[in-house]
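Below: the structure, in C-alpha cells.
The values are calculated or read from the model by the stated rules, or taken from the named source; none is laboratory data. The model shown is predicted, which means the values in this text are computed figures rather than measured ones. Quick reminder, even Gly has a Cβ in these numbers, built from the backbone with ideal geometry, and neighbours come from all protein chains shown. Heads up: the accessible areas ignore ligands, DNA and RNA and are worked out on the full protein's heavy atoms, side chains in. Shrake-Rupley method; radii C 1.70, N 1.55, O 1.52, S 1.80 Å.
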Amino acid sequence: MTHEVVLIPGDGIGPEVSAATRLVLDATGVDLGWEQRPAGASALETDGALLPEGTLEAVRRCRTAIKGPITTPVGDGFRSVNVALRQGLDLFAAVRPARSLPGVPTRHHGVNLVVIRENTEDLYRGIEFARGTPDATTLRRKLHDLGGFEIPGDAGITLKPISVSGARRIVRFAFEYVRANRRRKVTVGHKANVMRYSDGIFLETARTDAGDYPDVAWEDVHIDTLSARLVRSPQDFDVLLLPNLYGDILSDLCAGLVGGLGLIPGANIGWEYAVFEPVHGSAPDIAGQGIANPIAMVLSGSMMLRHLGELRAADAVERAVDRVLGRAEIRTPDLGGQASTLEMGEALANEVLRGDAG
Ligand code: NAI
Ligand code: MG
C-alpha cells in the first residue's frame, strides 16, 4: 500500500536534510508516495505566500507530512509559519524524544527523555500588541480600569492564554502516551505559584485528570527548578509535560543533553493530522554548505513510519542511526566529524539496506 505523505523541504538546511532523509526512508522499502510542497521564505519567493493554501490542502488530504525547518522573516506583519501550521491543522501535541545515542560524546549517559509540549496556546499563541499602536493603548487602558495594572506606554504586550480544554487534551495525550509506550512517569513543569491563572490551569487540569490514570506515576516541578535538575541529573526524568513556551525551551535543552540539535526529532500531532519535523531551525549559519546533520530529520522520519504503522521500517531506521553513530566513522561536523549531510544520509541508507545482517 502506498502511504501518501507531504514533504515540505523548508528553508536553510531544510532541503539538504530533507534529501538525505528521503534517501534513508526510501531505503526501508516502504512505499511512500512523496508529494513535495513549499512553505517558508522559499515559498514566499516561488508562490508569493509563506504558507501557500496548496500546501495546507495537501497536508489535509494526505493527513501526514514531514517538514524541514522554516525561516520566518523577522518583521512586521508576519506570523510564524510554524505557529500558523500548528494552529491551522490543530496539531496540539508536540512529541520530542531525546535519548543518549551511541558514539556521541556528551556529559550525561543513559538519558531517555520525551518532551510533550502543548502546541497551540500560551505565550506562543502569538497574541501580541505592538508597542505604541492604538490597540496596545486600548489594552493598556482596559488593564488599568480592570485591575489598576500600570503598563508603561513604551511596552509591547504578549498574552498568555491557557484553557482547561487546551490543557486537558495535552494532559490526557501525555498520560495515554506513557501507557502506550510503557514509560515510567510524567513530570509536569510549570510556574503556577506566579502565573496562577494560566500555568495554574495547566497544573490543576493535570492534577484532576491524573486521577483517571492511577497506573501512571506523576509529579509536578517548578520550571526553573526543573531546568536545574535536568542539567544535573536528567536520568531522574522520563516524560516531561509542558506548556508551549517551556516546551520549546526545554526541547532544545534536552537536545543539548544528548549531543545537540542535529539529533532530536519531533512530531506535531492532532486528532486528524500529523506533521513530523526536527526540533532544530533552518541554521542559517551553516546553510548551503552541505554539512548539516540529517539525523534529527531522519529520526523524525522514523517517527512518521511508526505513525503510519510501519514499525519494522521505523526500527530499521533507528537501528541504522545507532550503528552508524556507534561506529563513529561517519560523523557530521556538529559531532566532531567531517562527513557531509549526503555522506551521512548514504551511510544510513546503506545500513538500512544491509538490515539485520549489518
Ligand atoms: P537553529 O536550530 O536553526 O540553529 C541553532 C544552532 O544549531 C546553529 O548554530 C545551527 O548551526 C545548529 N544546528 C541546528 N540544526 C543543525 C543540524 N541539523 N546540524 C548541525 N547543526 C545544526 O536555531 P536558530 O538559529 O535560533 O534559528 C534559525 C532560524 O530557524 C530562525 O529563522 C528560526 O525562526 C527558525 N526556526 C525554525 C524552526 C522550525 O521550522 N521548526 C524551529 C526553530 C527555529
Ligand atoms: Mg524551538
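Residue by residue through the stretch 243-261, note down the ones that are open to solvent by 10 Å² or more (accessible area, probe 1.4 Å) and either among the aliphatic types (A, V, I, L, M) or within 14 Å of ligand 2 (Cβ to nearest atom) (or both).
Going residue by residue through the stretch 243-261, those that are open to solvent by 10 Å² or more (accessible area, probe 1.4 Å) are 245-246, 248-249, 252-253, 256-257, 259-261.
Passing the criteria: LEU245, TYR246, ASP248, ILE249, ASP252, LEU253, GLY256, LEU257, GLY260, LEU261.
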Discussion item. If I filter the stretch 320-332 down to residues being crowded, with 16+ Cβ neighbours inside 10 Å and farther than 15 Å from PRO265 by Cβ, which single residue comes out as nearest to ligand 1 (Cβ to nearest atom)?
Written reply: THR332
Discussion item. Which count do you get for residues in the stretch 343-358 that are farther than 27 Å from ALA274 by Cβ and touching a residue at least 12 places away in the same chain (Cβ under 8 Å)?
Written reply: 5
Practice prompt. Restrict the check to the stretch 214-228 and report whether at least one residue is open to solvent by 50 Å² or more (accessible area, probe 1.4 Å), free of Cβ contacts under 8 Å to residues at least 12 places away in the same chain and assigned to a loop (DSSP other than H, G, I, E, B).
Written response: yes
Practice prompt. Within the stretch 292-309, identify whether any single residue is more than 16 Å from ligand 2 (Cβ to nearest atom), touching a strand residue (DSSP E or B) at 6+ places or on another chain (Cβ under 7 Å) and of a type outside the set (A, V, I, L, M, F, W, C), and answer yes or no.
Written response: yes
Worksheet item: Condition test on GLY14, is it in contact with a Leu (Cβ under 9 Å, 6 or more places away or on another chain) and within 16 Å of ligand 2 (Cβ to nearest atom)?
Response: no
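Yes or no, residue by residue, for (1) within 30 Å of ASP90 (Cα to Cα); (2) open to solvent by 10 Å² or more (accessible area, probe 1.4 Å); (3) touching a Ser or Thr at 6+ places or on another chain (Cβ under 9 Å); (4) of a type in the set (Phe, Trp, Tyr):
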site: ALA267; (1), (2), (3), (4): yes, no, yes, no
site: GLU272; (1), (2), (3), (4): yes, yes, no, no
site: GLU277; (1), (2), (3), (4): yes, yes, yes, no
site: PRO284; (1), (2), (3), (4): yes, yes, yes, no
site: ILE295; (1), (2), (3), (4): yes, no, yes, no
site: HIS307; (1), (2), (3), (4): yes, yes, yes, no
site: GLU318; (1), (2), (3), (4): yes, yes, yes, no
site: GLN338; (1), (2), (3), (4): no, yes, yes, no
site: ASN350; (1), (2), (3), (4): no, yes, no, no
Worksheet item: In the list LEU101, LEU85, LEU91, which residue meets the criterion of being under 24 Å from LEU308 (Cβ atoms) and away from ligand 2 (no atom under 16 Å from the Cβ)?
Response: LEU101
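Does TYR177 qualify as being over 27 Å from PRO9 (Cβ atoms), within 16 Å of ligand 2 (Cβ to nearest atom) and open to solvent by 10 Å² or more (accessible area, probe 1.4 Å)? Quick ask: steps written out before the conclusion?
Working: over 27 Å from PRO9 (Cβ atoms): yes; within 16 Å of ligand 2 (Cβ to nearest atom): no; open to solvent by 10 Å² or more (accessible area, probe 1.4 Å): yes.
No: the conditions fail for TYR177.
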Worksheet item: When you look at ARG196, is it open to solvent by 50 Å² or more (accessible area, probe 1.4 Å) and either closer than 30 Å to GLY326 by Cα or assigned to a helix (DSSP H, G or I) (or both), yes or no?
Response: no
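Please work out if VAL279 is modelled with pLDDT under 95, within 16 Å of ligand 2 (Cβ to nearest atom) and closer than 24 Å to VAL24 by Cβ.
On the way: modelled with pLDDT under 95: yes; within 16 Å of ligand 2 (Cβ to nearest atom): yes; closer than 24 Å to VAL24 by Cβ: yes.
Yes: the conditions hold for VAL279.
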Worksheet item: Here are SER282, SER300: which of them is within 16 Å of ligand 1 (Cβ to nearest atom), polar (S, T, N, Q) and part of a loop (DSSP other than H, G, I, E, B)?
Response: SER282
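Considering THR187, THR205, which residue is part of a helix (DSSP H, G or I) and in contact (Cβ under 8 Å) with a residue 40 or more places away in the chain? Give the steps one after another, and end with the answer.
Values: THR187 fails: part of a helix (DSSP H, G or I).
Among THR187, THR205, only THR205 is part of a helix (DSSP H, G or I) and in contact (Cβ under 8 Å) with a residue 40 or more places away in the chain.
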Worksheet item: So which residues in the stretch 81-93 are in contact (Cβ under 8 Å) with a residue 40 or more places away in the chain and open to solvent by 40 Å² or more (accessible area, probe 1.4 Å)?
Response: ASP90
Practice prompt. Could you check the stretch 1-68 for strands (runs of 3 or more DSSP E) lying wholly inside it with 3 or more residues that are in contact (Cβ under 8 Å) with a residue 60 or more places away in the chain?
Written response: 3-8, 64-67
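So if I check each of VAL95, VAL104, VAL74, VAL114, which one is closer than 30 Å to GLY33 by Cα, within 16 Å of ligand 1 (Cβ to nearest atom) and among the aliphatic types (A, V, I, L, M)? Step through it out loud before you land on a result.
On the way: VAL104 fails: closer than 30 Å to GLY33 by Cα; VAL74 fails: closer than 30 Å to GLY33 by Cα; VAL114 fails: within 16 Å of ligand 1 (Cβ to nearest atom).
Checking each option against the conditions leaves just VAL95.
Looking at the stretch 9-18, is at least one residue within 20 Å of ALA292 (Cα to Cα), hydroxyl-bearing (Ser, Thr, Tyr) and within 14 Å of ligand 1 (Cβ to nearest atom)? Break it down stepwise before answering.
Applying the first criterion (within 20 Å of ALA292 (Cα to Cα)) to the stretch 9-18 yields 9-18.
Going one step further and asking which of them are hydroxyl-bearing (Ser, Thr, Tyr), we end up with 18.
Okay, now just the ones that are also within 14 Å of ligand 1 (Cβ to nearest atom), so 18.
Checked against the condition, which is being within 20 Å of ALA292 (Cα to Cα), hydroxyl-bearing (Ser, Thr, Tyr) and within 14 Å of ligand 1 (Cβ to nearest atom), the stretch 9-18 yields at least one hit.
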Practice prompt. Test each condition in (1) modelled with pLDDT of 95 or more; (2) surrounded by fewer than 18 Cβ atoms within 10 Å (Cβ to Cβ) for GLU45 and report the one that comes out false.
Written response: (1)
